[in-house]
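Reading through the structure tokens given below for one structure.
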Amino acid sequence: MNNIAKIAVIGAGPAGMMAAGRLAAAGFSVSLFEKNDLLGKKLGITGKGRCNLTNDCTPETFMKNITTNGKFLFSAVNRFSPRDTMAFFEGLGVALKVERGNRVFPVSDRATDIVLAMKKYVITSGAKIINERVTALRADDDGISEVITEKRKYESFDEIVLCTGGLSYPLTGSTGDGFEFARALGHTVTPPVPSLVGLESEDKLCRDTQGLSLKNVAISVLDTAMSKVIFDDFGEMLFTHFGMSGPLILSASAHLRPMDRDRYVVYIDLKPALDAEQLDARVLSDFEKYKNKNLDNALGDLLPQKLIHPFIKACGLEYGEKVNSVTRAERAKIVGTLKRLPVSVRGFRPIDEAIVTSGGVKTSEIDPKTMRSKKVKNLYFAGEVIDVDAYTGGFNIQIALSTGVCCADGIIEKYTVV
């Protein structure tokens, strides 16, 4: 091993910390540049502060949950799989647990435990941390020759690893710097758009029910331009002042491309365990039970209180209508709306609210086995700066870790003397 090579890793998120630690542990001279005072700032707020760090599934299942450029990640995910991630953190002393949907969290429910474990890994491996913002990368015919920060110029790096993230959560440092560096170096950058983000709606139902969380519901998303259902799943969602959010909606958002105003309609199945015939029998039973009550009283066993009035309005009925006056056609409308409550989508929430960014450095310009640039001989990429993304559930952090390992191993193999 020629371990004299000097490596600059730019960005100390999960991809950057993994790459820096792995390279330093292999004997390289590693400088990890991070503009924030703290490493892993964005990682520390993921999963509502709990850090869903991976998904306990096979690489084959993992690949099915990648929404953009999945084939590109085949080598990286197989090189460092979800099980490898779990073993890695447990080896660092972090106890893990698996929850619904195979989501993996630290037993402590503290994302800071993951951040601190990775920081310790970086430091004990021997990497040098430089808390300075990189402002430019200068290249010549031999590759990148200089790393320029706001304070000084660094020279003589043999390899550069770019792990600067996307545009989501800019207060954590993800401000798109890496996209600009890549463009300046001749790379193509697919314009970033929000992914895993809340959906805005002008439907009054959302405003009237804001704060209401629905569990064990199913949704399907209709692309009206294509007359095609493009997403369906089961789980939890939330009505908000702007529209809809929650795990189901975040996952659905990854499929809403291109985003055109009012192109998509989300249909909510409020009772997915019952088919239409079973649900009609249930409604009839409740109507018999509350036959002398108003309609809003009769729906209390089926719906959360906050949803009853907006639901009745969505059915085109009146709150004060007596149950014994509800016609068969009106009951059919109630059953139909319970199975397909429509909410139109105006657009995405702003990109700075997205969990991840979709878009980034074009994958055809990167070697998928090493994450090495095909345009700049000593440049590597890892993490969200690449045009790859996946569903919610731990998949995106795993992508960062896998690509971080992949580029580190690519450099290690380059300098290994056989």
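What follows is calculated from the coordinates using simple rules that are stated; it is not laboratory data. Given the structure is predicted, the values throughout are model-derived calculations rather than measurements. Positions of Cβ are backbone-derived with ideal geometry, glycine not excepted, and every protein chain shown enters the neighbour counts.
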Multiplying the sequence separation of SER364 and ASN292 by 0.36 nm and subtracting their Cα-Cα distance, what value in nm do you get?
19.2 nm
Which of the three applies to region 106-203, rounded, prolate or oblate, going by the alpha-carbon gyration tensor with a ≥ b ≥ c and a/c under 1.5 meaning rounded?
oblate
Answer label for Rg and Dmax of the Cα atoms in Å (calculated), chosen among (1) 25.1, 86; (2) 32.7, 125; (3) 21.6, 71
(1)
Gaussian network model of the chain, Cα springs within a sub-10 Å range: biggest mean-square fluctuation belongs to which of GLY211, GLY70, GLY320?
GLY320
Rank ARG22, ARG328, ARG261 by mean-square fluctuation in a GNM of the chain with C-alpha springs under 10 angstrom and give only the top-ranked residue.
ARG328
Give the lysines reachable from LYS97 as a straight Cα distance under 25 Å; neighbours fewer than 8 places away on the same chain don't count.
LYS41, LYS42, LYS48, LYS64, LYS119, LYS120, LYS215
Whole Å is fine, so just give me how far the alpha carbon centre of region 4-51 lies from that of region 90-132.
12
Looking at the square roots a ≥ b ≥ c of the eigenvalues of the Cα gyration tensor of region 198-348, which shape do they give, rounded for a/c under 1.5, prolate if a/b is larger than b/c, or oblate?
prolate
Per-residue HN-Hα couplings for region 311-319, Karplus 6.51 cos²θ - 1.76 cosθ + 1.60 at θ = phi - 60°, whole Hz, x for Gly and Pro?
5, 4, 5, 5, 7, x, 10, 9, 4
Can you give the FRET efficiency to the nearest 0.05 for GLU146 and THR124, using r as the Cβ-Cβ distance and R₀ = 25 Å?
0.30
Angle between the Cα long axis of helix 328-339 and the longest principal axis of the chain, 0 to 90 degrees, nearest 10?
10
Once the Cα gyration tensor of region 1-144 is diagonalised, semi-axes √(5λ) in Å:
27, 19, 15
Quick check on my link table: of LYS204/LYS228; LYS374/LYS414; LYS128/LYS377, which ones sit more than 20 Å apart, alpha carbon to alpha carbon?
LYS204/LYS228; LYS128/LYS377
Give me the one-decimal nm value for the distance between modelled label points at LYS375 and ASN78, 7 Å along each residue's Cα-to-Cβ direction.
2.8
For the chain, calculated [θ]222 nm from helices alone, where every DSSP H run of n ≥ 4 adds -39500 (n - 2.57):
-9500 deg cm²/dmol
Treat each spin label as a single point 7 Å out from the Cα along the C-beta direction, and report the ALA184 to THR327 distance in nm.
7.0
Counted charge near PHE74, where neighbours are those whose Cβ lies closer than 11 Å (Asp, Glu -1; Lys, Arg +1):
+2
Extension length gain for THR224 and ARG261 (0.36 nm per residue less Cα distance), in nm, is 12.2 nm
For helix 14-25, what angle does its Cα long axis make with the longest principal axis of the chain, in degrees from 0 to 90 and rounded to 10?
30
Which one of ASN292, ASN396, ASN55 has the biggest mean-square fluctuation once the chain is modelled by GNM with Cα springs under 10 Å?
ASN292
What FRET efficiency would be calculated for the residue pair ARG138, ASP352, taking the C-beta separation as r and a Förster radius of 30 Å, to the nearest 0.05?
0.55
Estimated inter-spin distance, ASP232 and LEU38, nm [label 7 Å along Cα→Cβ]:
4.3
